[in-house]
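Since every read-out is calculated from the coordinates, none of them should be taken as a lab result. Because the structure is a prediction, the values reported are computed rather than measured. With ideal geometry, Cβ positions are generated from the backbone for all residues, glycine too; neighbour counts draw on all protein chains shown.
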Amino acid sequence: MNTTVNVRVQDKNGTYKTNKILGMQASNTAGPEQAVQALARKLFPGRGVTIRSVSDYWTITPDPIFNTIEFVDCGQDFTEWVLRNGFVIDCQPFQSRIWLGCEVKMIDRAVFVRRAASDKFSLVRYPAKSVSDTDPMYVQGFEAFQEGVHETPERFRGKEQYQFGYNVAKALTE
């Protein structure tokens, strides 16, 4: 699950109890935020989350997952995709217009894509050579632009991966 979850918390005689989300529930005696944090750990194990109080409910938003797929080079026009939450956000060195926005699923080294207008996945002809976490500097640049930083901070100037991520996020809005 990669979407924001809205949670309500009730105080039951000093025990704060969340409503059920996907059949999971949590409680805590320390306070409502701790109950929501406990639920977040169940819903998104091993992932970072942002928790916010919004009037009479709480939101849990999982941090995005970035992955990079490097394809076996068979002479095709692309050899790398960057994914954010399973969707192509960057394609190198060519064909970004074709692949951007496609949802990606993998079985072993086989890569399957689904275009926005389609309801089924189709096999990409070229197998994956590797799948790895995306360079943290790339992710930082991408997220900085998305969060409204519209000028590269001095400390990141000259950092190539930061600039790549920043430029991709910028291009997606143009």
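Which angle between 0 and 90 degrees, to the nearest 10, do you get for helix 32-43 versus the longest principal axis of the chain when only C-alpha atoms count? The helix 32-43 is inclined about 40 degrees to the chain.
Here is how the number arises for the chain: DSSP H runs of 4 or more residues each give -39500 (n - 2.57), the sum is divided by the residue count, and the result at 222 nm is -7000 deg cm²/dmol. One decimal place: the segment Asp77-Arg125 gains 16.1 nm when fully extended, by the rule 0.36 nm per residue minus the C-alpha distance. When the Cα positions of Ala26, Thr152, Ile69 are compared along the charge dipole of the chain, Ala26 comes out farthest toward the positive end, with charges on each C-beta of Lys, Arg, Asp and Glu.
Tell me, how many Å apart are the Cα centres for segment 37-54 and for segment 100-132? Their Cα centres are 28 Å away from one another.
Would you please name the GluC sites (Glu not before Pro) within segment 128-157 that are DSSP coil residues with at most 14 other C-beta atoms within 10 Å of their C-beta? Don't skip to the answer; put the middle values down first.
Details: sites: Glu143, Glu147, Glu151, Glu154; in loops: Glu147, Glu151.
Loop-located and lightly packed - Glu147, Glu151.
Would you mind counting up the charge near Ala128? Only other residues with Cβ under 13 Å from its Cβ, with Lys and Arg at +1 and Asp and Glu at -1. Intermediate results must be reported in sequence, preceding the final value.
Details: positive: Lys105, Arg109, Arg125, Lys129; negative: Glu70, Asp73, Glu80, Asp108.
With Lys, Arg at +1 and Asp, Glu at -1, the neighbours total 0.
Over the Cα atoms of the chain, compute the convex hull volume and normalise it per residue, giving Å³.
Working: hull volume 27.7 nm³, N = 174.
Residue-normalised Cα hull volume stands at 159 Å³.
Along segment 84-101 the Karplus relation, 6.51 cos²θ - 1.76 cosθ + 1.60 evaluated at θ = phi - 60°, assigns HN-Hα couplings of 10, 6, x, 10, 5, 10, 8, 9, 10, x, 9, 6, 4, 5, 6, 9, 4, x Hz to successive residues, with x for each Gly and Pro.
Taking 31 Å as the limit for the C-alpha separation, the pairs Lys129/Lys170; Lys105/Lys170; Lys42/Lys105 never exceed it; all remain within the limit.
What do you get for trypsin sites (Lys or Arg not before Pro) in segment 132-174 restricted to DSSP loop and a cutoff of at most 10 other Cβ within 10 Å of the site's Cβ? Before the final figure, lay out the partial values.
Numbers: sites: Arg155, Arg157, Lys159, Lys170; in loops: Arg157, Lys159.
Sparse-neighbourhood loop trypsin sites (Lys or Arg not before Pro): Arg157.
Measuring r between the beta carbons of Ile65 and Thr29 and using R0 = 41 Å, the FRET efficiency lands at 0.80.
Trypsin sites (Lys or Arg not before Pro) within segment 94-147: which are DSSP loop residues with at most 11 other Cβ atoms inside 10 Å?
Working: sites: Arg97, Lys105, Arg109, Arg114, Arg115, Lys120, Arg125, Lys129; in loops: Arg109, Arg115, Lys120, Arg125.
Sparse-neighbourhood loop trypsin sites (Lys or Arg not before Pro): Lys120, Arg125.
Once the Kirkwood radius over Cα pairs is known for segment 5-62, the Stokes-Einstein relation at 25 °C and 0.890 mPa s delivers a diffusion coefficient of 221 µm²/s. Relative to the longest principal axis of the Cα atoms of the chain, the long axis of helix 136-146 lies at roughly 70 degrees.
Counting 0.36 nm for each residue step from Lys170 to Arg155 and taking away their Cα separation leaves a gain of 3.5 nm. Fully extending the segment from Asp108 to Gln163 would add 16.7 nm, taking 0.36 nm per residue of separation and subtracting the current Cα-Cα distance.
Close amide-amide hydrogen proximity is noted between Asp90 and Val82, each under 5 Å apart and 5 or more residues distant or on a separate chain (H modeled in the peptide plane; Pro and chain starts excluded). Charge dipole (Cα centre; +1 on Lys/Arg Cβ, -1 on Asp/Glu Cβ; no other charges) of the chain amounts to roughly 720 debye.
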